[in-house]
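So the structure is just underneath, and the comments pick up after that.
The values are calculated or read from the model by the stated rules, or taken from the named source; none is laboratory data. No experiment lies behind these values; they were computed from the predicted model shown. Glycine gets a Cβ as well: all are built from the backbone with ideal geometry, and neighbour counts include every protein chain shown. Quick note on the areas: whole protein, heavy atoms, side chains included, nothing else; ligands and nucleic acids left out. Shrake-Rupley method; radii C 1.70, N 1.55, O 1.52, S 1.80 Å.
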Amino acid sequence: METEVKKSLFLATLFTIFLSIMIWVGSRNLAHFDAALVGYTFASLFAVFAIVYRYVMWLHRPPTALYWRRGWELMFKREHFFSNLKFLVGRIVTIIGGNSFIWKRDKERGLAHWLIMWGCILAAAITFPLVFGWLYFLVPDGDLTSYKIVIFGFPTLAFKIETTLGHLIFHGLVVASVLVISGVMLAFRRRMRDRDAAVLQTFSEDIMPLLLLFAISITGLFLTVSYTWLKGYGYAFLSIFHAITVIFTLISLPFGKFFHIFMRPAQFGVAIYKKIGKEKMARCIRCNTEYGSEMHINDLMQVQKKLGYNYEMTDGTGHYQKVCPRCRRLLLGLSQGKMWHGPSIEKG
Amino acid sequence: MTVSSEMAFFVDANRCIGCQSCVQACAECDTHKGHSMIHLETIQRADTPQTVPVVCMHCDSPTCAEVCPADAIKRTSDGVVQSAKKPRCIACNNCVLSCPFGVPKMETKFELMMKCDMCYDRTSEGKKPMCATVCPSQALTFGPKEEIIRQRESSTPVNEFKFGNQLIKTKVYMMVPKTTRQNYIDVTASMYDSSIGQSMEEHLEDVSLDFLGGTNG
Ligand code: SF4
Ligand code: SF4
């Protein structure tokens, strides 16, 4: 077995065991673990295993490995650490919090993504701790109008049930479903109307994830409707259907589109790499203009070599990577023209 | 839908008259609407009227895709190297700096690399890419290979390019003289050339002869 496979399997197992232990400990030896939710737990454990496996395999690709190494190295460089931290906080707020760059790409796309993302974050923040038994509610002694939130077995704040806060806490998942459904509708609208989406989208990569999110949210909403207004009509069927959609989604997290959730934070590593790289720019050996950071150019030469490319000049005078993109385009025209028009004018 | 294997893309920079039609038309394509992906370079304005239209050459082994840390660039089964996948691209610039032809563009505000995708919405439906549809001098042509070979008597298409020690094979062809003995274009051979040494008159002459089916093929 290749080393990266071994390493990925090892880390995937380690993380899965770690989550299992956390479930055991957090639910106080499973005392607060709801056996009815065991299917969700196993699906989550599978998802963690497969996500870590794929992530570690991904980190082994030469360009990814490089950014991973450099990103951490530069982040913790003493002279940059505090400015990095400040920079990162800003980027996290605008990029994760606001999805700023997606809005700029397209407003409808931005809104759809923002709604789906926040709906999912809210739903995950509520459901995972409940499923793993890390969170449950307790009726404080003799007070039937309140609930106490218990986290990891430690009692925390209490709240009145019939208050806005109480309603929000108990209807968090309804809010999440509404956000997700609205986002999914917008995304479907765009996918049905945009010609570029129509030509490039595939069912498994683009449509299926939206259908799954929709199915989870709508069945979740119906569950609330069923127990609130219909005296539990169809509850058993709905809860099984809901569980199937959630389990299927959890299992599909490591594959296809959802995996971008785990890949995207690399954007922050890249941002730091660019920020620090700017301090020393490289100049094109042909036109002498700045075209990239020196660190980046040198790193790319290494990456290309690892990938089996050899862009060294035949006469050993340098490396093609040291020519800027514009000069590369000019060279293409010049060399084709030269074949038509014979010898060229030498520069200088 | 995929691009038919019968059809091929041919570039003859030598025919380019720098009219900018391709630049305008490119932005009309639905897969990159509003963004022109073609590069139209002026070699050395003071010395020569020579211009070079550069599209993605759709490499068989695309350096851009292999250096991408986010696996954002995919080559479809028809050999077209697609633009970056939006959910994946982390705007690292690796592809921009690695493409031997200098093709990908970084759209900084979108944090997204965008590049020529041979107007996939059109070519996958059997239409021509926008640039090849409008190019008046046929510096950019899209059609069956046999037809081009038949029509352009003095030139022959090649799709291998040398950059230092690296040979890159592409889906897109470039036209070279039939008389040439080299079956590839040595791009780095012109490393320190500033222009091909054509005067404005010579250039215009070439282009007009071209239209009459003359020397340039
Ligand atoms: S020409 Fe550049 S952008 Fe196009 S496939 Fe080749 S390496 Fe990628
Ligand atoms: S800019 Fe985007 S597409 Fe290009 S190499 Fe980086 S992540 Fe990949």
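General observations
- All positions within segment A:189-218 that are open to solvent by 60 Å² or more (accessible area, probe 1.4 Å) and among the basic types (Lys, Arg): A:189, A:193, A:195
- Identity of the residue in segment B:38-72, more than 7 Å from chain A (Cβ to nearest Cβ) and over 18 Å from the mean Cα position of the chain (by Cα), that ends up nearest to ligand 1 (Cβ to nearest atom): B:72
- With respect to the conditions (1) assigned to a loop (DSSP other than H, G, I, E, B); (2) open to solvent by 20 Å² or more (accessible area, probe 1.4 Å), residue B:106 lacks only one, and its number is (1).
- Of all residues in segment B:84-93, those satisfying the criterion of being facing another protein chain (nearest Cβ under 8 Å) and either of a type outside the set (Val, Ile, Thr) or within 9 Å of ligand 1 (Cβ to nearest atom) (or both) are B:86, B:87, B:88, B:91, B:92, B:93.
- Residue satisfying condition, being closer than 28 Å to residue B:7 by Cα, under 23 Å from the mean Cα position of the chain (by Cα) and within 8 Å of ligand 1 (Cβ to nearest atom), within set B:96, B:81: B:81
- Condition check for residue B:18: open to solvent by 20 Å² or more (accessible area, probe 1.4 Å) and at positive phi: yes
- For residue B:10: the one exception among (1) within 16 Å of ligand 2 (Cβ to nearest atom); (2) more than 16 Å from residue A:196 (Cβ to Cβ): (1)
- Test: residue in segment B:153-173 that is assigned to a loop (DSSP other than H, G, I, E, B), out of contact with any helix residue (DSSP H, G or I) (no Cβ under 6 Å at 6 or more places or on another chain) and closer than 26 Å to residue A:286 by Cβ: yes
- Which numbered condition residue B:35 fails, given (1) buried (at least 23 other Cβ atoms within 10 Å of the Cβ); (2) within 16 Å of ligand 1 (Cβ to nearest atom): (1)
- Matching residues in segment A:66-111 - criterion: being open to solvent by less than 30 Å² (accessible area, probe 1.4 Å) and closer than 30 Å to residue A:193 by Cβ: A:95, A:97, A:98, A:99, A:101, A:102, A:110
- In segment B:94-111, the residues that are over 16 Å from residue A:304 (Cβ atoms) form Cβ pairs under 6 Å with partners that are away from ligand 1 (no atom under 11 Å from the Cβ) and not polar (S, T, N, Q), at six or more places apart or across chains, as follows: B:109/A:104; B:110/A:101; B:110/A:104; B:110/A:105; B:111/A:101; B:111/B:91.
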